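S.K.: Just dropping this structure here.
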Amino acid sequence: MAKHAFITGITGQDGSYLAEFLLGKGYEIYGLVRRNSNNPMIRLGELNELKKINIIYGNMRDSGSIARALEISKPDEIYNLAAQSDVGISFQCPEEAAEVNYYGLGRLVNEAIRICPHARIYQASTSEMFGKTDPPQNENSLFQPVSPYGQAKLKAHEDYVVGYRNKHGLFICSGFLFNHESPRRGEHFVTRKITISLAKVKLGLQKYFTLGNLGAKRDWGYAKDYVEAMWLMLQRDNPDDFIIATGEMHSVREFTEEAAMFLGMDIEWVGSGAEEKGINRKTKKTIIEINPAYLRPNEVDALKGDFSKAQRILGWEPRTTFKELVRLMTKHDLEHIEREMKLG
């Protein structure tokens, strides 16, 4: 009999790749979807086997809908990927970050203990929990979150992952995933903003675009590689927490340069601070400007994950390099925009 997997946040980047991965393993997939006026299935629409996914409408703010979803899905494995996931927005909506990222997990695990106590649970934790801790960060590094997003995720980890593991013997794991990107990443995240904007500049659809902190350094991996690690964590005899990362650190500036290079644009940086600009060496035109409004009240300067524990115990390691990731995202967005132009 096929295993049942219940995925919250199934319509997001990670949820769509995880559903694809688990379908390949023969799982019966159930996904919790928050109803809204837009089409929530846009990422799942890329899956040829979308019809095999059982969609259940519900909300991480609603214990009743979570209970109903668990009763319907009867899961062997639960993957909690639902979140208010935008770090910048969490400064503007801190209560929402807490409500979904902290209390949401609490509702889920409490209903799971009551309805499906033997289900194994994966919690999507985050590198943002390390905050100001110097890189490289590992499973024993100090947590120092600087955003409401990171703070809510840390409290969820301490109370419901570590706490419930110790108090109730719950099989629950945290995956501390460092930044992971893909062509399915939300367009408001900086990596997609860069690849889409540069593609539009290349095609003459816009003259320039704006960025914030070019110096912020992140450990960027490919989301499609990372969902396998989620699954591996739930296949072990005992629950544990793991860093999932590439072990490399690159700045927003480097990401921009790599995407531009793929498109045949060589960027020269002039000026400094808010006056810095990125100029296309060939055309001598400014294509990037700095907008201080994009700077966060508290910035995490540098994140680089040590994934050696995951490599040793799970047998997991990243398969996609930084350059490959940037190029596959840029290529996807360029081709997508070109198709839209042809369709008029």
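The values are calculated or read from the model by the stated rules, or taken from the named source; none is laboratory data. None of these values were measured; they are calculated from a predicted model. Cβ coordinates were reconstructed from backbone atoms using ideal geometry, including for glycine residues, and neighbour counts include every protein chain displayed.
S.K.: On the given criteria, is Gly247 surrounded by fewer than 19 Cβ atoms within 10 Å (Cβ to Cβ), touching a Pro at 6+ places or on another chain (Cβ under 8 Å) and touching a residue at least 12 places away in the same chain (Cβ under 8 Å)?
M.R.: Here the answer is yes, as Gly247 does meet what is asked.
S.K.: A further question follows. Just for segment 32-67: of the residues that are among the charged types (D, E, K, R) and at pLDDT 90 or above, which one is farthest from the chain's Cα centre (by Cα)?
M.R.: Result: Asp62.
S.K.: Might you let me know whether segment 173-182 holds any residue that is surrounded by fewer than 20 Cβ atoms within 10 Å (Cβ to Cβ) and either in the same structural domain as Ala229 (by TED's automatic domain parsing) or modelled with pLDDT under 95 (or both)?
M.R.: Looking through segment 173-182, none of the residues is surrounded by fewer than 20 Cβ atoms within 10 Å (Cβ to Cβ) and either in the same structural domain as Ala229 (by TED's automatic domain parsing) or modelled with pLDDT under 95 (or both).
S.K.: Inside segment 109-215, counting only helices (runs of 4 or more DSSP H) that do not spill past its ends, which hold 2 or more residues that are without any contact (Cβ under 8 Å) to a residue 12 or more places away in the chain?
M.R.: Filter on segment 109-215 gives 163-168.
S.K.: Do we find that Met261 is farther than 18 Å from Phe189 by Cα and surrounded by 18 or more Cβ atoms within 10 Å (Cβ to Cβ) in this structure?
M.R.: When the stated conditions are applied, Met261 does not pass them.
S.K.: Let me ask something else. When you go through Leu234, Leu263 one by one, which is the residue that is under 20 Å from the mean Cα position of the chain (by Cα) and in contact (Cβ under 8 Å) with a residue 60 or more places away in the chain?
M.R.: The match here is Leu234.
S.K.: So Arg312 ticks every box in (1) surrounded by fewer than 13 Cβ atoms within 10 Å (Cβ to Cβ); (2) in the same structural domain as Phe255 (by TED's automatic domain parsing) but one. Which box is left unticked?
M.R.: With (1) surrounded by fewer than 13 Cβ atoms within 10 Å (Cβ to Cβ); (2) in the same structural domain as Phe255 (by TED's automatic domain parsing) applied to Arg312, the lone miss is (2).
S.K.: Taking Ala310 and the conditions (1) in contact with a Leu (Cβ under 7 Å, 6 or more places away or on another chain); (2) modelled with pLDDT of 95 or more; (3) among the small types (Gly, Ala, Ser), which numbered condition does it fall short on, given that it satisfies the others?
M.R.: (1)
S.K.: Another question, if that's okay. In the set Gln123, Gln84, Gln92, which member is touching a Cys at 6+ places or on another chain (Cβ under 8 Å) and modelled with pLDDT under 95?
M.R.: After ruling out the rest, the residue left standing is Gln84.
S.K.: What are the pairs, 6+ residues apart or on separate chains, where a residue within segment 269-283 that is closer than 12 Å to Leu211 by Cα has its Cβ under 6 Å from a residue that is of a type in the set (D, E, K, R) and surrounded by 14 or more Cβ atoms within 10 Å (Cβ to Cβ)?
M.R.: Lys277/Glu289
S.K.: Within segment 284-309, restricting attention to residues that are basic (Lys, Arg) and touching a residue at least 24 places away in the same chain (Cβ under 8 Å), which residue is surrounded by the fewest Cβ atoms within 10 Å (Cβ to Cβ)?
M.R.: Once the filter is applied, the top-ranked residue is Lys285.
S.K.: OK, next. Here is a check on your reading of the model: is Tyr160 in the same structural domain as Leu105 (by TED's automatic domain parsing), buried (at least 21 other Cβ atoms within 10 Å of the Cβ) and more than 19 Å from the chain's Cα centre (by Cα)?
M.R.: Taking the combined requirement at face value, the residue satisfies it.
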